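Novice: I have a structure here, written as structure tokens, and I will follow up with some questions on it.
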Amino acid sequence: MTTATTSRSAFDEPVDAPPVRWTASLVMLNLGLMAGWFGPIQVLLAQQAARVADAEPGGLSKELLLSVVLFVGAMISLLANPVWGAFSDRTRSRLGRRVPWVIGGVLIGAVGLLLLSGADSAAAMILGWSLVQLALNAAWAGGTAAVPDQVPVPQRGLIGGMIAIAGTVGVLLGIKIAEWTGSIAQGYVVIAVVMLVLSVPYVLGSRDIPLPSDHELAPMDWKQLLRSFWVSPKEHPDFAWAWVTRFLVNLGNWIALNYLFYYLTDGLGFTDDDATAKLGLLVLIYGGTTVATTVVVGAWSDRVGRRKIFVTCSGLLIGLSMLVLGTWQAWPGALLAAVVLGAGFGVYQAVDFALITQVLPGASDRAKDLGVINIASALPQVIAPAVAGLILVVVRAAGGSVATQGESFSVGYGVVYAVGFVLCVLGSVFVTRIRSVA
């Protein structure tokens, strides 16, 4: 394992671009983490919820069980990411501040996936997914903070784009593993192994910078730690607006995507097996579009020195993809939406992440502050299932169609995607309130 061979402090802004091998190892780490998250979220948990619901007559429906599992996991993610980030900022280790949390996170996350492979009840699903969320957020906090630790501002759009591609390919990898393996259990096991293998290059070559030996750490004060999660909008308005915009776009995105598997089965009438294959194709199209645009636009943003215009346009594209899903409820519409979403969300992840690293309040709390920003990504996962589920329940109660099974239009899913569209548009507009970044 290596740390950075440089005389600069862990608190200094980086000025030299990291070597290609370091960037490649960070991309591989993110690839594994995204597979560990989204293979279960997009396919395995939905399939498992349906199986458990069928095996427990009188229990929760598959939709409600999936919502509960995702809700509990997202709540844990909401709290864990900034906490692990704060601990990472304070970690003294010859390996550096970030690597110990990456190692522990992927190891324990793999254990959680193995527990899920044998989960045959609602309680077991909740326990296993909670452990996965708890652990992978530790690895994610350490890996995310490595970018402002190691990458100069003029290269962050490019590096952010490569990480966004890793995230996209990781989602596709997780879904394809779930599709190709012979069972739900095998899917979890293979994803765990892949995640562990892909983390090894980063662990061995992280270039992580330890805390200065003369840096004094105050005794851990839990009340002070919790208070530190509040970053004053008055003192740091750009940080606050960056949080709000990310929250709105992610809320709209998750409202639309949490029920995509059921949209394909109940809304468009595909069988479970066909829906899994169709979902894989949609993600493949989405991923190809993302790869084709993300690095190019990330590098373009670095070259022109502008972030906001790219974030605004990408958020509007994400919203447009939801408008297509809601109004054109047919397989061709889903294909078009995948192309538009890939173009929008890939650019959003790349350039918005670069923007966020430029509005952090201070160098000593990078991981904690990024954890606070990540609440804007995690909190929508808590709220979105409840919002989408409530919309579908209200529409059903009002006599509107939700599960069309061949009908021409589902009012329920139309409303769900319309809400997602509005939220994304609002998030895009509010990006203009950020002043310190062009």
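Novice: Taking just the C-alpha trace of region 299-364, give me its Rg and Dmax in Å.
Specialist: Rg then Dmax for region 299-364, in Å: 14.8, 50.
Novice: For region 304-438, just list the percent of Cα-Cα distances falling in each 5 Å bin from zero outward, please.
Specialist: Percent of Cα pairs in each bin: 2, 10, 15, 18, 18, 13, 10, 7, 4, 2, 1, 0.
Novice: Evaluate region 12-123: find the radius of gyration of its Cα atoms, find its Kirkwood radius, and give the ratio Rg to Rh.
Specialist: Numbers: Rg = 18.2 Å, Rh = 16.7 Å.
Using only Cα positions, Rg/Rh for region 12-123 is 1.09.
Novice: Further question on the same structure: Per residue of the chain, what 222 nm ellipticity follows from adding -39500 (n - 2.57) for every DSSP H run with n ≥ 4, rounded to the nearest 500? Don't jump to the answer; show the numbers that get you there.
Specialist: On the way: 14 runs with 314 residues, N = 438.
Helices in the chain give a 222 nm mean residue ellipticity of -25000 deg cm²/dmol.
Novice: How large is log10 I(q)/I(0) at q = 0.18 Å⁻¹ when the Debye formula is applied to the Cα atoms of region 287-326, each weighted equally and without solvent?
Specialist: -0.57
Novice: Just how large is the dipole of region 139-264 about the Cα centre, in debye to the nearest 20, putting +1 at every Lys and Arg Cβ and -1 at every Asp and Glu Cβ? All intermediate terms of the calculation are to be shown ahead of the outcome.
Specialist: Numbers: 7 positive and 8 negative charges, 68 e Å.
In total the dipole reaches around 320 debye.
Novice: In debye, nearest 20: dipole of region 234-384 around its Cα centre with unit charges on the Cβ of K, R (+) and D, E (-)?
Specialist: For this selection, approximately 520 debye.
Novice: Please name which of P212, V169, Y202 has its Cα lying farthest along the dipole of the chain towards the positive end, using unit charges on Cβ (Lys, Arg +1; Asp, Glu -1) and the Cα centre as origin.
Specialist: It is P212, whose Cα lies furthest towards the positive end.
Novice: Of the options L114, F353, A343, report the single residue whose Cα projects farthest towards the positive end of the charge dipole of the chain (beta-carbon charges: Lys, Arg +1; Asp, Glu -1).
Specialist: My answer, from the dipole projection, is F353.
Novice: How far, in nm, would the chain grow between Q358 and R51 when pulled straight, counting 0.36 nm per residue and subtracting the alpha carbon separation?
Specialist: The span from Q358 to R51 would gain 106.0 nm if fully extended.
Novice: Further question: Quick check: the distance between the Cα centres of region 169-194 and region 315-335, to the nearest angstrom?
Specialist: 27 Å
Novice: Among rounded, prolate and oblate, which fits region 95-227 when a ≥ b ≥ c are the square roots of the eigenvalues of its C-alpha gyration tensor, a/c under 1.5 means rounded, and a/b larger than b/c means prolate?
Specialist: oblate
Novice: So for the chain, taking the charge dipole from beta-carbon charges (+1 Lys/Arg, -1 Asp/Glu), which of L65, A80, L225 sits furthest toward the positive end?
Specialist: The listed residue farthest towards the positive side: L225.
Novice: Regarding region 82-169, what's the average projected area of the Cα-atom convex hull, expressed in nm²?
Specialist: Its Cα hull, projected and averaged over all orientations, spans 6.9 nm².
Novice: Could you please state, rounded to a whole Å, how far the C-alpha centre of region 372-394 is from the C-alpha centre of region 91-154?
Specialist: Each part reduced to its Cα centre gives a spacing of 22 Å.
Novice: Using a simple spin-label model with points 7 Å from Cα along the Cα→Cβ vector, what separation in nm is obtained for L226 and L196?
Specialist: Modelled inter-label distance: 3.7 nm.
Novice: For E235, E179, E56, E63, which order do you get if you count the other beta carbons within 10 Å of each Cβ and list the fewest first?
Specialist: In increasing order of surrounding Cβ atoms, one gets E235, E56, E179, E63.
Novice: Can you pull the one-decimal nm distance between simple spin-label points at S183 and L281, each 7 Å off the Cα toward Cβ?
Specialist: 2.9 nm
Novice: Determine the dipole magnitude for the chain: charges of +1 sit on the beta-carbon of Lys and Arg, -1 on that of Asp and Glu, nothing else is charged, the reference point is the Cα centre, and the result goes in debye to the nearest 20.
Specialist: Computed charge dipole of the chain: roughly 880 debye.
Novice: Stokes-Einstein at 4 °C, 1.567 mPa s, Kirkwood radius from Cα pairs: D for region 224-329 in µm² s⁻¹?
Specialist: Estimated diffusion coefficient is 77 µm²/s.
Every number here is computed from the coordinates shown, using simple stated rules; none is lab data. Note that the structure is a prediction, hence the values are computed from the model and not measured. Neighbour counts run over all protein chains shown; Cβ positions are idealised from the backbone, glycine included.
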